[in-house]
Amino acid sequence: MTTAILTIDQGTTSSRAIIFDENFKPAFAAQQEYQQYYPARGWVEHDPEDIWETTVSVCQEALAAAREKGLKVVGIGLVNQRETTLVWEKKTGKPVYNAIVWQDRRTANACKALQQYEPWITEKTGLRMDPYFSATKIKWILDNVSGARGRAARGELAFGTVDSFLIWRLTGGKTHVTDTTNASRTNLFNLSTLQWDEELLALFNIPAAMMPEIRHCADDFGLTEQHILSESLPICGVAGDQQAALIGQGCFNKGETKTTFGTGSFALVNTGDRLTYSSHNLLTTVAYTLKEQTCYAIEGSIFVAGAAVQWLRDSMGMLSNAAESEAIASSVADDHGLVLVPAFTGLGAPYWSPQARGAIYGLTRSSTSAHVVRATLESVAYQTQDLVNSIKSDNIPVTCMKVDGGMVQNSWLCQYLADTLNVTVVRPEVMETTALGAAFLAGLQLGMRENLHDFATLNPTEAQFTSRIDETLRTQRKNRWNAAVQATLLMAKAEA
């Protein structure tokens, strides 16, 4: 039988399982969406049991398909939505509260109260004092769930991002671990020591006993219980979704850049083995750790990209499916006049305004739903332009951008990105590079390749897009976007 890897890709809106063959080509994929909960303004939650049940279901479906195709799965790679926070009972594995999603803004005031510590926190973690990250989410659960703080102090509760929670469940509670990429998104991880930081744990009043053990990205993360997936398989590659996409795009050299367009949008630049900090409100994070060697990255984070298209579909009824957006955007003239700022859960880099909320500017009696759809897609390109400008301001040249994620199946969007950024946009054959990156890590741990660079050529280019507009039009669009963002930020101050 031909060997294969199962990748668990646990995302913000769905759980997926993908089988990759020994040449790391996708052979089968299963996917299930699950419900999003919005219990209060700016709050976003998931039911942990939905995460678990959909993950197990798609894994079982994928493993059955692999057997039918004559593929022998020899290991598991796991990639996950980052920052999303879970706290559960060590004895039973039962969560004490819903998962608080990375988009959630409920701890904005708590972050504001700790703002004086931000330079110190950034030096240690590379991150901002923002609700995006896990630390204030953990603190909120401990402070607001009856009895949780006392139970945590007694060592009865465990914290984890989604990777830790799934590994705990898959191994029957035998393994409480995470990897350096996920740990680096918590505001509790020291980038220099690559360990949990005691001073940060004390600042956020989080007991060290809650924290998972930190391992490398290609490592031993335990064996799955046979009764769960009908097979006992080693979990041997783990990374947060954006770092996994960097790996799946083959960005192993300093200066190589990728942007993933999923629920949110995230640009990462490989900065090599030395810590590099941004002077323009971007984040420093772990790209990956392999064989005692850590590679770092500069990251720009956009909270709403594909989520805005989902909003058009689910809340506004302007689309029956996301794929329709390409034809609708193409039907609207360039000079439609609308600007949409999708700050539904605040603005991320480079603005970092958790109080900001979404807005549409330029509406007239002739505005239609088609104009709103096109403006929504345009907003993704404009937000990416903000990130690229910040990266360039940090003296990191960007002449080519590798793109991936579900949104880049839309060629109109890829072309608009190239026009807006004035760089070459490169789309790979396998666009689901988050899952592919986790498969690479598992394959490395299993000895299917000797080193990470052996994977660099396994995902060739499918299409390239270059700018078709002049600098005058590009500047006009940029100025209109900047004005809309400043108006949105002004409104956020009025609401504060």
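The values are calculated or read from the model by the stated rules, or taken from the named source; none is laboratory data. Everything quoted here is computed from the prediction, not taken from an experiment. Ideal geometry is used to build each Cβ from the backbone, glycine not excepted, and the neighbour counts take in all protein chains shown.
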Selection within the range 439-468 - surrounded by 12 or more Cβ atoms within 10 Å (Cβ to Cβ), modelled with pLDDT under 90 and out of contact with any strand residue (DSSP E or B) (no Cβ under 8 Å at 6 or more places or on another chain): Arg449, Asp454, Phe455, Ala456, Leu458
Would you confirm whether any residue within the range 169-180 is within 20 Å of the chain's Cα centre (by Cα) and under 19 Å from Glu299 (Cα atoms)? yes
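How many residues does the range 445-457 hold that are closer than 24 Å to Thr259 by Cβ and not in a loop (DSSP other than H, G, I, E, B)?
First, pick out the residues of the range 445-457 that are closer than 24 Å to Thr259 by Cβ: 452-453, 455-457.
Now restrict to residues that are not in a loop (DSSP other than H, G, I, E, B): 452-453, 455.
Result for the range 445-457: 3.
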Just name the residue that is nearest to Ala244 (Cα to Cα) out of those in the range 370-407 that are small (Gly, Ala, Ser) and in contact (Cβ under 8 Å) with a residue 40 or more places away in the chain. Gly405
Does any residue in the range 72-85 that is over 11 Å from Leu233 (Cβ atoms) come within less than 8 Å, Cβ to Cβ, of a residue that is of a type in the set (Lys, Arg) and in a loop (DSSP other than H, G, I, E, B) six or more places away or on a different chain, and which pairs are these? Arg82/Arg185; Glu83/Arg185
Log entry, pairs with first residue in the range 415-426 being in contact (Cβ under 8 Å) with a residue 40 or more places away in the chain, second being acidic (Asp, Glu) and surrounded by fewer than 19 Cβ atoms within 10 Å (Cβ to Cβ), beta carbons closer than 8 Å, six or more apart or on different chains, reads Asn422/Glu471
Members of the range 374-403 that are at pLDDT below 90 and acidic (Asp, Glu): Asp394
Selection from the range 454-470 of residues among the polar types (S, T, N, Q) and farther than 25 Å from Phe24 by Cβ yields Thr466, Ser467
Within the range 133-143, is there a residue that is within 29 Å of Thr260 (Cα to Cα), of a type in the set (Lys, Arg) and either over 20 Å from the mean Cα position of the chain (by Cα) or modelled with pLDDT under 95 (or both)? no
Within the range 255-289, residues surrounded by fewer than 24 Cβ atoms within 10 Å (Cβ to Cβ), in contact with a helix residue (DSSP H, G or I) (Cβ under 9 Å, 6 or more places away or on another chain) and not in a strand (DSSP E or B) come out as Glu256, Gly262, Tyr277, Ser278, Ser279, His280, Asn281
The listed residue being modelled with pLDDT under 90, among the acidic types (Asp, Glu) and surrounded by fewer than 20 Cβ atoms within 10 Å (Cβ to Cβ), out of Glu292, Glu326: Glu292
Which residue, of Thr7, Thr54, Thr13, is buried (at least 20 other Cβ atoms within 10 Å of the Cβ) and under 28 Å from Arg106 (Cβ atoms)? Thr54
So for the range 238-255 (the condition being of a type in the set (A, V, I, L, M) and without any contact (Cβ under 8 Å) to a residue 40 or more places away in the chain), does at least one residue qualify? no
Checked Gly362, Gly337, Gly358 against criteria (touching a Gly at 6+ places or on another chain (Cβ under 6 Å), at pLDDT 90 or above and not aromatic (Phe, Trp, Tyr)); the one match is Gly362
Quick one: Gly248 ticks every box in (1) surrounded by 24 or more Cβ atoms within 10 Å (Cβ to Cβ); (2) over 18 Å from Cys217 (Cα atoms); (3) of a type outside the set (Phe, Trp, Tyr) except a single one, so which number is it? (2)
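For the range 423-438, name all the residues that are over 22 Å from the mean Cα position of the chain (by Cα) and either surrounded by fewer than 16 Cβ atoms within 10 Å (Cβ to Cβ) or assigned to a helix (DSSP H, G or I) (or both).
Thr424
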Tell me which residues, restricted to the range 200-235, are out of contact with any Phe, Trp or Tyr (no Cβ under 8 Å at 6 or more places or on another chain), free of Cβ contacts under 8 Å to residues at least 40 places away in the same chain, over 19 Å from Ala17 (Cα atoms) and not small (Gly, Ala, Ser). Leu201, Glu213
Return a yes/no flag: does the range 380-394 have any residue that is of a type in the set (Lys, Arg) and under 24 Å from Asp419 (Cβ atoms). yes
Count - residues of the range 278-320 that are in contact with a Leu (Cβ under 7 Å, 6 or more places away or on another chain) and free of Cβ contacts under 8 Å to residues at least 60 places away in the same chain: 5
Quick test of your reading of the structure: Leu229 fulfils all but one of (1) more than 18 Å from Gly93 (Cα to Cα); (2) at pLDDT below 95; (3) surrounded by fewer than 24 Cβ atoms within 10 Å (Cβ to Cβ). Name the failing condition by number. (1)
Among the residues listed as Leu363, Leu338, the single one being surrounded by fewer than 17 Cβ atoms within 10 Å (Cβ to Cβ), aliphatic (A, V, I, L, M) and farther than 17 Å from Thr263 by Cα: Leu363
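It is to be established whether one or more residues within the range 402-417 are closer than 18 Å to Asp21 by Cβ and not small (Gly, Ala, Ser).
Here is the first cut: in the range 402-417, the residues closer than 18 Å to Asp21 by Cβ are none.
No - not one qualifying residue is present in the range 402-417.
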Pairs needed: first member in the range 169-198, in contact (Cβ under 8 Å) with a residue 24 or more places away in the chain; second member anywhere, surrounded by fewer than 19 Cβ atoms within 10 Å (Cβ to Cβ) and polar (S, T, N, Q); C-beta distance under 6 Å; at least 6 residues apart or different chains. Asp197/Asn190
Considering each residue of the range 241-254, count those that are closer than 27 Å to Asn410 by Cβ and either touching a Pro at 6+ places or on another chain (Cβ under 7 Å) or part of a loop (DSSP other than H, G, I, E, B) (or both), and give that number. 3
Of all the residues that make up the range 142-171, how many are of a type in the set (Gly, Ala, Ser) and in contact with a strand residue (DSSP E or B) (Cβ under 9 Å, 6 or more places away or on another chain)? 5
